[in-house]
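So the structure is just underneath, and the comments pick up after that.
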Amino acid sequence: MLLLLASSLHAAPGAVTTTHPWAGGTRERSQPLWDGLPVLADPTVAARNGTGDLLWTRGAPPKVDRAEPPSLTPDQALALASDLANQPLGAALVRQAWLPDGPVLRPVFGVEGAVGQPWDRWQLWFDGVTGELLAVGPAAWSSQGLVYPSNPLESEVEQVTLEGLDPDGGLNGPYVEAWSCALVADAEGLFEVGSRDELEQLAQPEDGDYLYEPDPAAFDDPFVEVHLYHHVHRMAAWLDEEHGLDVGTLLVAGNLDMTNAFYGDLDGDGRADLAFGQSEDGVDFGYDADVAYHELGHGVVARTAGLGFMGADAYGMDWSPGALNEGVADVFAILLGGDGDMAAYAGTHSGRTDPIRELDDDRRCPDDLRGEVHADGEVLGAMAWNMVQDTRIGADVVADLFLGSLPTWRAGTSWSEAGAALLETASELAAAGGIDSSAHTAIGEHLEAANLPGCGRVVDLTHGEPHALYLPNLGLVDDYALVPAGTGFQVHVPADATSLVVSLSEWDPGEANGLGWTLMLRQDEPVLHETIGLDALGLSYATPVTFDHAWEGAEDFGLLLDAESTPALVPGSTLYLALAGRNDGGLEPLDLVFGKVTLQALYSRFHPRQEPNCACGTGAAGGWLLLPLLAMAARRRLRA
């Protein structure tokens, strides 16, 4: 099914403006248009106080003289996407837009569709003249994923009043339509829902009630529809009635055969849905209220902030847009769920015993960034949970703080930019009388403790602490074959150091066949990257181009640097390291995979090529790591 999405033509230029009320006034976001089609540029944001006075504006529409007509057709764009994925795309839709190129607008086509399964939805953007692939990224946000007030582990089934139901029958209301989805594979191996006609409402009223018992292992379970209706309606009504944010009417589907849940387009109609599956061992993600709140939290982000998935700059990949999106979704689950354990029941799938995420421990940026958006989002979730528990702040203020800040974010917002926006929103909230001075001060303290306003992109390994991280890959080639980690690393070599060992340990490619790593090193300057992609959509990539040495492998690795090594260790210098996940050729296209690895740097003050006269440890700086030195497949690719 192909659906071309395009607005009706009108005089150029134009804009679509959305107004977001919050406790301190309103935020107005204006997205530029040309001939009725969106221009891929950051929106202009205007802030007004409660009386309508303009406080500030940011951004400006691009200055455009003309638009270049496309030579590509929507069908050709779809064919390019299918060729790249090595299979036709399910429930596909094509969008046309404009990309600013100086004073000229270039046409681009965005293709979104399912690859293999409906929760594996991707968006691919092509140049409308040349057909060149410009950007690629996921198009669905997922969590690992009578009524239960929370979930089967923490509450018993209770009988509740289902609010807002349509008197004509069915689980339909002003915010939610609850359905079930039985997926059937077609000849191409795709699981596709072509339309709502292929969905079914299993839960039907009996004497006006929906008193179904739980049956989590069944795929024809009407209880999950009732459970999802109740919890999604609860959050949507809270957003609308308490905060003036109408999320519209959402299609919510349960009983999917997947160990996950997602916010994305299930049926290819161009509108986002909420979908919930169950694991092979019968853990139904739709039974966990936290998962429902988290997924609708992604809907809040989509309506207010438009955060992308990943950014890039000269210093490498920046996963902060995706991590902030996941973190905000966790924040709303915290606000509605009332604790720091994210999805305690859904986390028990596949033999696990812990919640999917535990946010009671403090996290700090960038030291706790791991290069995977759910894990990195814990920095924001843990900070918000600390604010909720702080008696000077509380849950209501946290909700106002985020709902006031989100519309000021753009697709590529970084951690430091998000922190600055939250600080500014807190100041506006205080000026509007929404919080007192103690709450204002406390918000600043928590932001500082998490290091959000000052968060950088380089993790310091000088003190010998091991840093566990994820290395991603998309299974693509050429410019997309190497995907850098989300942070860089540095080691300040002491003036009296005689040797340094950099170790990659606990390498785990997961189920990825053909995933390797690349380690890059540069002395006294960070490893630099070239960028490609579409910044305005939060779909940018970084390719490393400037470094002194690089090593490739697919197993644990130890690198010894001393006076006799190549490169030689220079006491008093600073070494910069970068890691990337590498497609060794065996990965499937558009299959987002993550390897895991631990990076550590340890220096020593005795001569490295002699036996030391001490029993030196390996767990702190100054110790010695006894690893075999692997052959260094060094290569050099330097640019001025």
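The values are calculated or read from the model by the stated rules, or taken from the named source; none is laboratory data. Every value quoted in this text rests on a predicted model; they were computed, and no experiment measured them. No Cβ is skipped: glycine too gets one built from the backbone with ideal geometry, and neighbour counts run over all protein chains shown.
Of the set (1) part of a helix (DSSP H, G or I); (2) crowded, with 24+ Cβ neighbours inside 10 Å; (3) under 17 Å from the mean Cα position of the chain (by Cα); (4) not hydroxyl-bearing (Ser, Thr, Tyr), all apply to Leu307 but (1). Scan the range 546-573 for residues that are in contact with a Pro (Cβ under 8 Å, 6 or more places away or on another chain), closer than 17 Å to Ala601 by Cα and among the charged types (D, E, K, R) and jot them down. Passing the criteria: only Asp562. Restricting attention to the range 470-486, the residues being assigned to a helix (DSSP H, G or I) and crowded, with 23+ Cβ neighbours inside 10 Å number 0.
Each row is one residue, and each column tells you yes or no for (1) of a type in the set (A, V, I, L, M); (2) at positive phi; (3) at pLDDT 95 or above.
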residue: Gly14; (1), (2), (3): no, no, no
residue: Glu28; (1), (2), (3): no, no, yes
residue: Asp42; (1), (2), (3): no, no, no
residue: Thr57; (1), (2), (3): no, no, yes
residue: Ala60; (1), (2), (3): yes, no, no
residue: Ser71; (1), (2), (3): no, no, yes
residue: Ala81; (1), (2), (3): yes, no, yes
residue: Leu84; (1), (2), (3): yes, no, no
residue: Gly90; (1), (2), (3): no, no, no
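Considering only residues in the range 454-469 that are touching a helix residue (DSSP H, G or I) at 6+ places or on another chain (Cβ under 8 Å) and surrounded by 15 or more Cβ atoms within 10 Å (Cβ to Cβ), the one that is farthest from Ala312 (Cα to Cα) turns out to be Cys455.
This table checks each residue for (1) in a loop (DSSP other than H, G, I, E, B); (2) farther than 30 Å from Leu599 by Cα; (3) over 18 Å from the mean Cα position of the chain (by Cα); (4) not aliphatic (A, V, I, L, M).
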residue: His349; (1), (2), (3), (4): no, no, yes, yes
residue: Asp368; (1), (2), (3), (4): yes, no, no, yes
residue: Met387; (1), (2), (3), (4): no, yes, yes, no
residue: Thr391; (1), (2), (3), (4): yes, yes, yes, yes
residue: Asp400; (1), (2), (3), (4): no, yes, yes, yes
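Counting the residues of the range 504-556 that are modelled with pLDDT of 95 or more and among the polar types (S, T, N, Q) gives 4. If you go through the range 431-453 and keep only what is of a type in the set (S, T, N, Q) and surrounded by fewer than 19 Cβ atoms within 10 Å (Cβ to Cβ), you end up with Ser437, Ser438, Thr441. When the range 587-603 is filtered for residues that are in a loop (DSSP other than H, G, I, E, B), touching a Leu at 6+ places or on another chain (Cβ under 7 Å) and surrounded by fewer than 21 Cβ atoms within 10 Å (Cβ to Cβ), the ones remaining, listed by number, are Pro589, Leu592. Criterion applied to Ser505, Ser416 was being surrounded by fewer than 23 Cβ atoms within 10 Å (Cβ to Cβ) and either within 24 Å of the chain's Cα centre (by Cα) or in a helix (DSSP H, G or I) (or both), and the one residue passing it is Ser416. Scanning the range 393-404 finds one or more residues that are more than 25 Å from Val247 (Cα to Cα), surrounded by 23 or more Cβ atoms within 10 Å (Cβ to Cβ) and of a type outside the set (Ser, Thr, Tyr). Residues in the range 125-148 include none that are within 30 Å of Glu358 (Cα to Cα), among the small types (Gly, Ala, Ser), surrounded by fewer than 24 Cβ atoms within 10 Å (Cβ to Cβ) and out of contact with any strand residue (DSSP E or B) (no Cβ under 9 Å at 6 or more places or on another chain). When we screen Thr531, Thr498 for residues that are touching a His at 6+ places or on another chain (Cβ under 8 Å) and either within 30 Å of Asp83 (Cβ to Cβ) or assigned by TED's automatic domain parsing to the domain that holds Leu590 (or both), the only hit is Thr498.
Among the numbered conditions (1) crowded, with 22+ Cβ neighbours inside 10 Å; (2) in contact with a strand residue (DSSP E or B) (Cβ under 7 Å, 6 or more places away or on another chain), tell me where Asp524 comes up short. Here Asp524 meets the rest and fails (1). Among the residues here, Asp361 does not qualify as closer than 28 Å to Ala47 by Cβ and of a type in the set (Asp, Glu). Residue-level analysis places Leu324 among those that are crowded, with 20+ Cβ neighbours inside 10 Å, among the hydrophobic types (A, V, I, L, M, F, W, C) and modelled with pLDDT of 95 or more.
Filter the range 356-392 for residues that are buried (at least 24 other Cβ atoms within 10 Å of the Cβ) and of a type in the set (Gly, Ala, Ser) and give the result. Residues satisfying the conditions are Gly371, Gly377, Gly381, Ala382, Ala384.
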